[in-house]
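Here's the structure, in structure tokens; my notes come after.
The values are calculated or read from the model by the stated rules, or taken from the named source; none is laboratory data. Please read all numbers here as calculations on a predicted model, not as lab measurements. So basically every Cβ, Gly included, is an ideal-geometry build from the backbone, and we count neighbours across all protein chains shown.
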Amino acid sequence: MTELLDIYRTLKSKTWVDLTHQINEKSPHFPALPALEKKALFTHKDGFFVEQFTVVGQYGTHLDPPIHFVEGARYLDEIDLKDLLLPLYVIDKSAAVIENNDYEITKQDILDFEAEYGPIAPKSFVAFRSDLSKRWPSQDAIRNLDEDGVQRTPGWSHEALEYLIEERQVKAVGHETLDTDLGVSAAKHGGSLSEEYYLLSKDIYQLEVLANLD
């Protein structure tokens with residue numbers, strides 16, 4: 001018990017950062033999905049206050065388990081609880097995204113990060129910082145559609161994901177955008193999110209619509 005209390009006190013003494021967005025009916029979300037709905041079932045006039053929320057799983061900051069894209073793969077409740085506590089590495093490419101909304105994080109970006117900070121440990125969580133979360137809560141700014149309706153947002157390259165999954169054996173990846181894939185790349189493939197399918201097919205999970213990665 002003393003050891004657990006020591007761990008607790010150590011954790012409580014640290015700075016905690018919330019990487020999630022507060023959500024409501026107007027929060028940015030994948031356009032094919034319905035917005036959150038809520039209603040009051042009981043009010044204080046009834047003696048207590050209760051609200052009902054109707055919301056899809058992929059709304060706001062959320063975790064995508066492999067089943068999200070891969071039939072027969074793991075559901076959220078099948079992910080080991082210990083695999084939800086991971087070392088976090090944040091690869092900051094926000095300056096590059098300012099210069100190019102269509103920036104695709106590369107394997108070289110990860111190698112450059114490791115040259116400065118050391119190898120990414122196995123069973124880790126790696127997040128791509130783009131600072132797109134600072135555009136929250138504007139759906140238009142988050143999606144950043146051009147005149148042809150193409151989403152001009154950054155994403156993961158296949159080589160970057162392959163390196164993290166195959167060579168670094170990460171457990172999870174994350175990003176601030178609504179999608180894993182580069183917006184223009186998804187548009188070229190008829191809206192297909194091939195990189196998201198790839199990573200989920202490798203039986204790892206991802207966290208989307210992250211905040212405060214800075």
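Here the condition is being touching a residue at least 60 places away in the same chain (Cβ under 8 Å) and under 30 Å from residue 128 (Cα atoms); of 20, 10, 15, it holds for 20 alone.
Does residue 15 satisfy the condition of being part of a helix (DSSP H, G or I) and either in contact with a Gly (Cβ under 8 Å, 6 or more places away or on another chain) or not aliphatic (A, V, I, L, M) (or both)? In short, no. When we screen 95, 35 for residues that are over 17 Å from the mean Cα position of the chain (by Cα), small (Gly, Ala, Ser) and closer than 20 Å to residue 21 by Cβ, the only hit is 35. Could you tell me whether residue 81 is over 25 Å from residue 132 (Cα atoms), aliphatic (A, V, I, L, M), out of contact with any helix residue (DSSP H, G or I) (no Cβ under 7 Å at 6 or more places or on another chain) and without any contact (Cβ under 8 Å) to a residue 24 or more places away in the chain? So residue 81 passes the test.
The residue that is surrounded by the most Cβ atoms within 10 Å (Cβ to Cβ), counting only those in the range 163-192 that are closer than 15 Å to residue 101 by Cβ and without any contact (Cβ under 8 Å) to a residue 60 or more places away in the chain, is 176.
Is it the case that residue 160 is touching a Lys or Arg at 6+ places or on another chain (Cβ under 9 Å), over 23 Å from residue 56 (Cβ atoms), crowded, with 21+ Cβ neighbours inside 10 Å and without any contact (Cβ under 8 Å) to a residue 60 or more places away in the chain? Criteria met by residue 160. Does residue 30 meet the test of being closer than 23 Å to residue 181 by Cα and either among the basic types (Lys, Arg) or touching a Phe, Trp or Tyr at 6+ places or on another chain (Cβ under 6 Å) (or both)? No. For the range 125-138, the count of residues that are within 18 Å of residue 198 (Cβ to Cβ), surrounded by 14 or more Cβ atoms within 10 Å (Cβ to Cβ) and in contact with a helix residue (DSSP H, G or I) (Cβ under 8 Å, 6 or more places away or on another chain) is nonzero. Of all residues in the range 91-118, those that are hydroxyl-bearing (Ser, Thr, Tyr) have Cβ atoms under 9 Å from Cβ atoms of residues that are loosely packed, with under 15 Cβ neighbours inside 10 Å and outside any helix (DSSP H, G or I), 6 or more apart or on another chain, in 94/214.
Filtering 120, 110 for residues that are more than 18 Å from the chain's Cα centre (by Cα), at pLDDT 95 or above and of a type in the set (Val, Ile, Thr) leaves a single hit, 120.
Checked against the criterion of being on the phi > 0 side of the Ramachandran plot and either in contact with a Phe, Trp or Tyr (Cβ under 9 Å, 6 or more places away or on another chain) or of a type in the set (Asp, Glu) (or both), the candidates 131, 140, 146 yield just one match: 131.
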